[in-house]
Structures are given as structure tokens and as C-alpha cells.
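Shown next, in C-alpha cells, is the structure this report addresses.
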């Protein structure tokens, strides 16, 4: 794991509630948490944290959509089964 990912994960483990999907706010949160003298290092950390949280957020949304779609399919199958159970059966000659 490279240096940026490792440092970002350490910060997120302890202070995840302070970060969100806004780069500028994440950069400010890093300033509040620790002192980083290097502007480029601070930007890289804030950028990686922002990207990580956005990806995590997108994954949660996709999971919720899949669950909703699964529930809709199950409901449709139940309705089809109910309709097919109520239809009269015709004997073939």
C-alpha cells in the first residue's frame, strides 16, 4: 500500500465522521486533525479521502438499488403466481 493510501486509511480509521464528499472541507478537516506542512501531500491526502468516501457512497446507493430491484422482482413474481392460481384450468381434448 502506498504512502498516501496508508496515511489516509489511518486518518479515516480515527476521524471518519469529520470527512465527506467535499474536497475543500476534507482539506480543512485535515488541517484541524494534524499539521501537514507540505501542500502537495495535504492535497493528495484530501483528494484520496474524498475519492474513497465518494466511492463508498456510490457503492451504498448501488446496493440499495439492487435490493429495491430484487424486492420488485419478487413482488411481481408473487403477483403472477397469484393470478395464475386464480385462472381456471381448461382441459385439453
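Going through (1) assigned to a helix (DSSP H, G or I); (2) more than 14 Å from residue 9 (Cα to Cα); (3) free of Cβ contacts under 8 Å to residues at least 12 places away in the same chain one by one, residue 35 falls short only on (1).
One line per residue, one yes/no per condition, for (1) outside any helix (DSSP H, G or I); (2) at pLDDT below 85:
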position: 20; (1), (2): yes, no
position: 26; (1), (2): no, no
position: 44; (1), (2): no, no
position: 50; (1), (2): no, no
position: 74; (1), (2): no, yes
position: 81; (1), (2): no, yes
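The criterion of being over 15 Å from the mean Cα position of the chain (by Cα) and without any contact (Cβ under 8 Å) to a residue 12 or more places away in the chain does not hold for residue 29.
The values are calculated or read from the model by the stated rules, or taken from the named source; none is laboratory data. Remember, predicted model here, so these are calculated numbers, not experimental data. Heads up, the Cβs are rebuilt from the backbone with ideal geometry, glycines too, and the neighbour counts pull from every protein chain shown.
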